[in-house]
Structure formats: structure tokens, C-alpha cells
1. Yes or no: Phe173 without any contact (Cβ under 8 Å) to a residue 12 or more places away in the chain and either among the β-branched types (Val, Ile, Thr) or touching a helix residue (DSSP H, G or I) at 6+ places or on another chain (Cβ under 9 Å) (or both)?
2. For the condition under 17 Å from Lys61 (Cα atoms) and basic (Lys, Arg), what is the one hit in Arg146, Arg114, Arg118, Arg178?
3. Can you report the number of residues in segment 33-42 which are out of contact with any Asp or Glu (no Cβ under 6 Å at 6 or more places or on another chain) and open to solvent by less than 70 Å² (accessible area, probe 1.4 Å)?
4. Within segment 76-94, can you find the residues that are touching a Phe, Trp or Tyr at 6+ places or on another chain (Cβ under 9 Å), within 26 Å of Arg6 (Cα to Cα) and open to solvent by 50 Å² or more (accessible area, probe 1.4 Å)?
5. Exactly one condition in (1) of a type in the set (S, T, N, Q); (2) touching an Asp or Glu at 6+ places or on another chain (Cβ under 7 Å); (3) free of Cβ contacts under 8 Å to residues at least 40 places away in the same chain is false for Asn80; which is it?
6. Identify, please: which residue in segment 118-143 is closer than 18 Å to Thr43 by Cβ and out of contact with any Leu (no Cβ under 6 Å at 6 or more places or on another chain) and is, among those, most open to solvent (accessible area, probe 1.4 Å)?
Amino acid sequence: PYRARRADGLARVICYSPRHDLTVAEMATADIAVIVEHWQQQTRDLGARPEVRQVLIFENKGDVVGVSNPHPHGQLYATNFTWKTFDAELEAQREYRAETGRALWNDIIVAEQRDGRRVLYEDEHTIAFVPYFARYAYEVYIAPKRSVPHIDGLAGVEVESLARALKNVTVRFDNLWRQSFPYVMPL
């Protein structure tokens, strides 16, 4: 139970805008697409390093979730290990494919589309929904409709679509609470 090994990696910060007062909800969709493109480039650059086993992109926003820097930004961790949560999710997807011959996320998206009650945003390439299996209040998944292994697999039109979905969902959160909504967003 006490096995240990070195955990090494790199951490990077991506500033979303030179303006300190902007949030994703307030940015133009084209500017959000530039952020997504930076996520893609950083994923490719960091993921190409032989010592990197996982690249995690995330944004924490708001004092209530512990953010000390209000400047609009996100972070990337590139580590020499994979997180157990991601390993468990990947294994569940492998088991599902072995049992059904289908991709789990594709079936989840189809189920959410059929039900429709939890879909917040949808266009040709992207869907945003409150999952049936949500663990947290206000949990939202934003997913490409085409299966890709990571964000760097999205094509140009899919990047733009993801940017529209991110804007749509963050604006909804801000409007729901009539304030800049705090959140934790892992990709």
C-alpha cells in the first residue's frame, strides 16, 4: 500500500486575453477558438515528449474554487504518469466496446439526444448536456460528436464549434446566477 515513485512533469499557464476583466463568457467566439487552438498546440507539443504519459488541460475560475489570480487563464499539466480517474474511465470504455462493439461516448451522446431534456447546446459538431449520471450540481459535459482521442484531434470547424459551445454554456451559467459563475473545467 505504500509504493511510491517519482512524479515529474511540466506545468504551463495559458493567458486567455491581455484584459484582466474578461471571462470566457464575455469573449468573442473567435477569441475562444484561438484558446482551443492553443490547447491543441500545447497538447501536441507536450504529448510528443517521450517522458509525458498524459496531458491535462483545465481551467479553474473564481474565488470560491480557490483561484488566486483573477486574470482569465487555464493550465496544462504534462506528467510522467496517468491519473487513476482517467485510467478507470478508459478501462470502462474498453470494457463497454468489448461487450457491445460500440463506443461508450457515442452511445451516451445518442441517449442524451433522444431524451433531449438535458441538452443545453447542440450544433453539427458539438453537444453540451447535463449528463444523466451527473455527480455534481451544475455539471455539464461538452463533447465533440466525432470520436477523437484528445482535443488535438479536432478539425478547424470542430474547434469553432467547441468555442461556440463553451461560450454558450458559460453565458448560461453567468445568466443563471446573474454573476460571473465560478467553475472547474477539465478537458
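The values are calculated or read from the model by the stated rules, or taken from the named source; none is laboratory data. Computed from a prediction, not measured in an experiment: that's the story for all the values here. Because the Cβ atoms are built from the backbone with ideal geometry, glycine has one as well, and the counts that use them run over all protein chains shown. Surface accessibility is based on the protein's heavy atoms, side chains included, excluding ligands, DNA and RNA. Shrake-Rupley method; radii C 1.70, N 1.55, O 1.52, S 1.80 Å.
1. On the way: without any contact (Cβ under 8 Å) to a residue 12 or more places away in the chain: no; either among the β-branched types (Val, Ile, Thr) or touching a helix residue (DSSP H, G or I) at 6+ places or on another chain (Cβ under 9 Å) (or both): yes.
For Phe173, the condition - without any contact (Cβ under 8 Å) to a residue 12 or more places away in the chain and either among the β-branched types (Val, Ile, Thr) or touching a helix residue (DSSP H, G or I) at 6+ places or on another chain (Cβ under 9 Å) (or both) - is not met.
2. Criteria check complete, one pass: Arg178.
3. So the first thing to find is which residues in segment 33-42 are out of contact with any Asp or Glu (no Cβ under 6 Å at 6 or more places or on another chain), and the list is 34-39, 41-42.
Of the ones still in play, those that are also open to solvent by less than 70 Å² (accessible area, probe 1.4 Å) are 34-36, 39, 42.
Residues in segment 33-42 being out of contact with any Asp or Glu (no Cβ under 6 Å at 6 or more places or on another chain) and open to solvent by less than 70 Å² (accessible area, probe 1.4 Å): 5 in total.
4. First, the residues of segment 76-94 that are touching a Phe, Trp or Tyr at 6+ places or on another chain (Cβ under 9 Å): 76-77, 93.
Keeping just the survivors that are within 26 Å of Arg6 (Cα to Cα) gives 76-77.
Answer for segment 76-94, where residues must be touching a Phe, Trp or Tyr at 6+ places or on another chain (Cβ under 9 Å), within 26 Å of Arg6 (Cα to Cα) and open to solvent by 50 Å² or more (accessible area, probe 1.4 Å): just Tyr77.
5. (3)
6. We begin by selecting, within segment 118-143, every residue closer than 18 Å to Thr43 by Cβ; these are 126, 142-143.
Cutting the leftovers down to out of contact with any Leu (no Cβ under 6 Å at 6 or more places or on another chain) gives us 142-143.
Working: Ile142: 54, Ala143: 14 Å².
Looking at the filtered set, the residue picked out is Ile142.
Residues are listed down the side, and each one gets a yes or a no for (1) under 17 Å from the mean Cα position of the chain (by Cα); (2) of a type in the set (A, V, I, L, M, F, W, C):
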| position | (1), (2) |
| --- | --- |
| Gly74 | yes, no |
| Thr79 | no, no |
| Thr85 | yes, no |
| Ala128 | yes, yes |
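Okay, residues lined up against (1) over 19 Å from the mean Cα position of the chain (by Cα); (2) open to solvent by less than 70 Å² (accessible area, probe 1.4 Å):
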position	(1), (2)
Pro1	yes, no
Pro18	yes, no
Arg44	no, no
Gly101	yes, yes
